[in-house]
Amino acid sequence: MSQAGIAAGGSEMAEQGRLRLHVVFNNVPYKAGLESGWGFSCLIEGLDKTILFDTGGNGDVLLANMQRLGLDPEGIDAVVLSHIHADHTGGLGAFLAYNPDVTVYMPESFPASFQHEVIHLGAAIETVSGPRRLMDSVYSTGEMGWAIKEQALMVDTRQGLIVITGCAHPNVADMAEQAQAYLGKNIYLLMGGFHLGGSSDAEISMIIKRLKALGVRKVAPSHCTGDNAIRMFRDAWADDFIEGGLGAMIELPQ
């Protein structure tokens with residue numbers, strides 16, 4: 001695993017235009033002293049607005065992990081939800097009880113009852129259907145898939161695109177292609193859940209082949225990717241494989 005672009009850095013690095021991605025909820029362990037749980041959440045610092053992508057499956061665990069990592073929930077400006085499953089939205093209520101002064105971006109297909117509850121808790125909402133800009137340097141692939149509709153988050157950086165998937169139910173390679181086609185830029189880092197836990201070696205190899213053909217520079221798979229697929233991605237990307245488990249912090253120029 002390459003350590004290039006990864007640091008334990010502090011605020012000084014952020015002040016120099018650094019982008020930091022903190023994995024604050026995950027069932028894949030990485031850093032000691034944190035509580036793992038099934039689900040995914042990633043906090044993004046260094047942009048004009050601080051973003052929480054997904055909220056994991058348990059709000060108490062989410063907030064406790066953030067506290068242990070020295071991350072302030074009150075400093076978050078926006079929440080982006082990938083899809084409706086509870087392991088990605090389950091921590092939202094506890095988070096909003098702590099900090100309701102945010103905008104929550106969610107797929108348009110989310111139930112009206114869910115949207116009303118978020119508004120009741122004091123947050124603003126914006127729904128997302130097609131690919132669109134969410135805020136400065138931050139975009140959504142738009143809703144993708146059929147049975148389970150999901151959006152991925154895109155951050156436009158000098159290095160290329162960072163694409164973060166919650167579970168990639170619509171197929172991680174399809175989501176990567178959508179991101180690259182929409183913004184017309186190569187993907188520097190693809191991270192999150194790749195939904196390959198039950199896939200065969202042949203199926204995983206095909207995904208790897210497609211992502212390699214797209215020119216995806218670095219990968220940080222976790223959550224629902226599965227141990228075998230993570231091993232195959234590690235072998236395929238070698239020094240450009242990044243650990244993406246709970247407590248990982250990935251830092252790169254913005």
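The values are calculated or read from the model by the stated rules, or taken from the named source; none is laboratory data. This is a predicted model, so every value here is computed, not measured. As a convention, Cβ positions derive from the backbone with ideal geometry for all residues, glycine included, and neighbour counts pool all protein chains shown.
Quick one: is Asp136 surrounded by fewer than 21 Cβ atoms within 10 Å (Cβ to Cβ), of a type in the set (Asp, Glu) and within 25 Å of Thr50 (Cα to Cα)? For Asp136, the condition - surrounded by fewer than 21 Cβ atoms within 10 Å (Cβ to Cβ), of a type in the set (Asp, Glu) and within 25 Å of Thr50 (Cα to Cα) - is met. Just to verify a result, which residue in the stretch 7-27, among those that are touching an Asp or Glu at 6+ places or on another chain (Cβ under 9 Å) and part of a loop (DSSP other than H, G, I, E, B), is modelled with the lowest pLDDT? Among those that are touching an Asp or Glu at 6+ places or on another chain (Cβ under 9 Å) and part of a loop (DSSP other than H, G, I, E, B), it is Ala8.
Please pick out the residue among Glu108, Glu117, Glu45 that is closer than 27 Å to Ala220 by Cβ and acidic (Asp, Glu). Going through Glu108, Glu117, Glu45 in turn, just one is closer than 27 Å to Ala220 by Cβ and acidic (Asp, Glu): Glu45.
Please pick out the residue among Gly122, Gly93, Gly56, Gly70 that is assigned to a loop (DSSP other than H, G, I, E, B), within 29 Å of Asn171 (Cα to Cα) and among the small types (Gly, Ala, Ser). Just one listed residue meets the conditions, Gly56.
Take the residues in the stretch 48-60 that are closer than 13 Å to Gly93 by Cβ and over 16 Å from the mean Cα position of the chain (by Cα); name whichever of them is surrounded by the fewest Cβ atoms within 10 Å (Cβ to Cβ). Across the stretch 48-60, the extreme among qualifying residues is Asp60. Within the option set Asp101, Asp87, being under 21 Å from Asp60 (Cβ atoms), of a type in the set (D, E, K, R), out of contact with any Cys (no Cβ under 7 Å at 6 or more places or on another chain) and not in a helix (DSSP H, G or I) holds for one residue only, Asp101.
Checking each residue in the stretch 72-114 for being charged (D, E, K, R), farther than 23 Å from Val28 by Cα and surrounded by 15 or more Cβ atoms within 10 Å (Cβ to Cβ) picks out only Asp77. Could you tell me whether Gln151 is among the polar types (S, T, N, Q) and closer than 21 Å to Asn26 by Cα? Yes, satisfied.
Of all the residues that make up the stretch 136-183, how many are without any contact (Cβ under 8 Å) to a residue 60 or more places away in the chain and charged (D, E, K, R)? Total meeting the criteria: 4. Considered as a group, the residues in the stretch 176-210 that are among the hydrophobic types (A, V, I, L, M, F, W, C) and farther than 12 Å from Val163 by Cα include one that is surrounded by the fewest Cβ atoms within 10 Å (Cβ to Cβ), and that residue is Ala202.
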